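Working notes, structure below.
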Amino acid sequence: MSSLPPGQTPLNQHSLRSLELWLEGLGALRTEEDPCLWCWTQPDWSAEIRLDQEELWVSWQSSGQEAQRRFSYGLSRLDVEAAMRAGP
């Protein structure tokens, strides 16, 4: 298993496999029907994460409400992860 680049490294400098390892490390699961779509469940919310060509999309669901955000691949992995963990 390969290691991830340092956390301050922008996502666009990660290999696809590194991005997959990162999402797996968060506990996200890749969907069977779409290899670019991941599901991530936390105690207070769930999220769908899409590895799009231009940006990373996150759609959170919590208590019947939905919030969506797009993150540039130019942002660091730590910054994107912190925003994702903050939830909707």
Quiz item: Residues in the stretch 52-72: is at least one in contact with a helix residue (DSSP H, G or I) (Cβ under 6 Å, 6 or more places away or on another chain) and in contact (Cβ under 8 Å) with a residue 24 or more places away in the chain?
Solution: yes
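So which of THR31, THR9 ends up being without any contact (Cβ under 8 Å) to a residue 60 or more places away in the chain and among the β-branched types (Val, Ile, Thr)? Walk me through it before giving the result.
On the way: THR9 fails: without any contact (Cβ under 8 Å) to a residue 60 or more places away in the chain.
One residue alone meets the criteria, THR31.
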Practice problem: Name the single residue, out of those in the stretch 39-88 being of a type in the set (Ser, Thr, Tyr) and in a strand (DSSP E or B), that is nearest to GLU24 (Cα to Cα). | Solution: THR41
Quiz prompt | Subset of the stretch 5-26 (residues that are surrounded by 16 or more Cβ atoms within 10 Å (Cβ to Cβ) and in a loop (DSSP other than H, G, I, E, B)) | solution = PRO5, HIS14
Practice problem: Name the residue, out of LEU78, LEU51, LEU11, that is modelled with pLDDT of 95 or more and in contact with a strand residue (DSSP E or B) (Cβ under 7 Å, 6 or more places away or on another chain). | Solution: LEU11
Quiz item: Of these, TRP40, TRP22, which one is in contact (Cβ under 8 Å) with a residue 24 or more places away in the chain, within 15 Å of LEU4 (Cβ to Cβ) and either among the acidic types (Asp, Glu) or in contact with a helix residue (DSSP H, G or I) (Cβ under 7 Å, 6 or more places away or on another chain) (or both)?
Solution: TRP22
Exercise. Hey, could you check the stretch 32-83 for residues that are within 10 Å of the chain's Cα centre (by Cα) and aromatic (Phe, Trp, Tyr) and say which is surrounded by the most Cβ atoms within 10 Å (Cβ to Cβ)?
Key: TRP38
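The values are calculated or read from the model by the stated rules, or taken from the named source; none is laboratory data. These numbers come from a predicted model, not from an experiment. Positions of Cβ are generated from backbone atoms using ideal geometry, with glycine treated the same way; all protein chains shown enter the neighbour counts.
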